[in-house]
Structure formats: structure tokens, C-alpha cells
Amino acid sequence: MDGTALSLTVFFDDPFWVGIFERRQAGMLSVCKVTFGAEPRDCEVYAAWLRHWNELRFSPPVKIQKYPVQRVINPKRMQRAAGREVQRQGMGTRAQEALKMQHEQAKRERKTAGHGQAEQEKERRFYLRQQKKKEKHRGR
């Protein structure tokens, strides 16, 4: 039985601080990007997470590759790897793919909404032209 794992990565993406929420569930990865603005303190991040969790728009889920179990690593090597991970900025490639998919999905939604509004505006203008024509021919 797979559980749900959540992780948050906060990094500086000039000029703002950005947080990447990653949700792993049943072998799938969903990602959400949040812009904080000024450098957030830990308590602010936690409070924002509790207050706005249900408002976060996660990307469509992406399948995660399962990696084989690794052998035991020397503690010093593990410590150096952890230090490199902390220094590394940005997000993993799977997270980038998920964010890209979310961005493209939002773009498609905006495009269809804009197309519908343009059609309505076109119909409204046509109706106004028809009314104007009727007004001109009314007095004969």
C-alpha cells in the first residue's frame, strides 16, 4: 500500500522566493509552484501551507520511475551528498515536467475561455448592426 509523501523546496529565483510543493501518491507525482515574494520564515511557510493547502493547484500527475534499493553508503559520503543537495537550487526534472504540463493546461483553458468571449462579442456586434439597419428603414 503506497502512502502519500509531501515535500516543499524553497529557493531564490531572482527576484522572488519560490516554493515547489511535490505530492507523491500511488507512484504518481504532482507539483505546485508558489511565489512567496520576500524571503519567508519557516513559520510563515508552515502557516501559508496550512491556510492555503486546499487552494493549491497541482499539476496533472506524472508517473514516477521506481529506482532499485541502494546499498548502505558511507556516512561521510552521505553527509557530503546532503550538503550538495542543500546547496543545489531549483527543482528536479520530474517536477519541471509536471509544472510544464500544468502551465500548458492553464494556457489551453485560457484560450478556450477567450475564444468563447470573442464569439459572444462578435454576435453582440452583429445584433447591434441588425438593430441599426432596422432603425434606418423604419420611417420610409
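The values are calculated or read from the model by the stated rules, or taken from the named source; none is laboratory data. Being a predicted model, the structure only gives us computed values, none of them experimental. Using ideal geometry, Cβ is built from the backbone for each residue, glycine included, and neighbour counts are taken over all protein chains shown.
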Original post:
Do we have Phe58 as surrounded by 14 or more Cβ atoms within 10 Å (Cβ to Cβ), in a loop (DSSP other than H, G, I, E, B) and on the phi < 0 side of the Ramachandran plot here?
Top reply: yes
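Being surrounded by 10 or more Cβ atoms within 10 Å (Cβ to Cβ), free of Cβ contacts under 8 Å to residues at least 60 places away in the same chain and under 18 Å from Thr9 (Cα atoms): is that true of Lys100 here?
When the stated conditions are applied, Lys100 passes them.
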**OP:** For the range 25-55, enumerate the residues that are surrounded by 14 or more Cβ atoms within 10 Å (Cβ to Cβ) and of a type in the set (A, V, I, L, M).
**Re:** Met28, Leu29, Val31, Val34, Val45, Ala48
Original post:
Is one or more of the residues making up the range 121-140 in contact with a Pro (Cβ under 9 Å, 6 or more places away or on another chain) and either under 18 Å from Lys33 (Cα atoms) or assigned to a helix (DSSP H, G or I) (or both)?
Top reply: no
Original post:
In the range 72-97, what count of residues is obtained for those that are polar (S, T, N, Q), at pLDDT 85 or above and either surrounded by 12 or more Cβ atoms within 10 Å (Cβ to Cβ) or outside any helix (DSSP H, G or I) (or both)?
Top reply: 1
**OP:** List every residue pair whose Cβ atoms lie under 9 Å apart, where the two residues are 6 or more positions apart in sequence or sit on different chains, the first residue falls within the range 39-57 and is over 20 Å from Leu29 (Cα atoms) and free of Cβ contacts under 8 Å to residues at least 12 places away in the same chain, and the second residue, located anywhere, is of a type in the set (A, V, I, L, M, F, W, C) and not in a helix (DSSP H, G or I).
**Re:** Glu44/Phe36
**OP:** Can you tell me which residue among Val45, Val69, Val18 is out of contact with any Asp or Glu (no Cβ under 6 Å at 6 or more places or on another chain) and in a helix (DSSP H, G or I)?
**Re:** Val45
**OP:** Spot the failing condition for Val69; the list is (1) surrounded by 11 or more Cβ atoms within 10 Å (Cβ to Cβ); (2) more than 25 Å from the chain's Cα centre (by Cα); (3) among the β-branched types (Val, Ile, Thr), and only one is missed.
**Re:** (1)
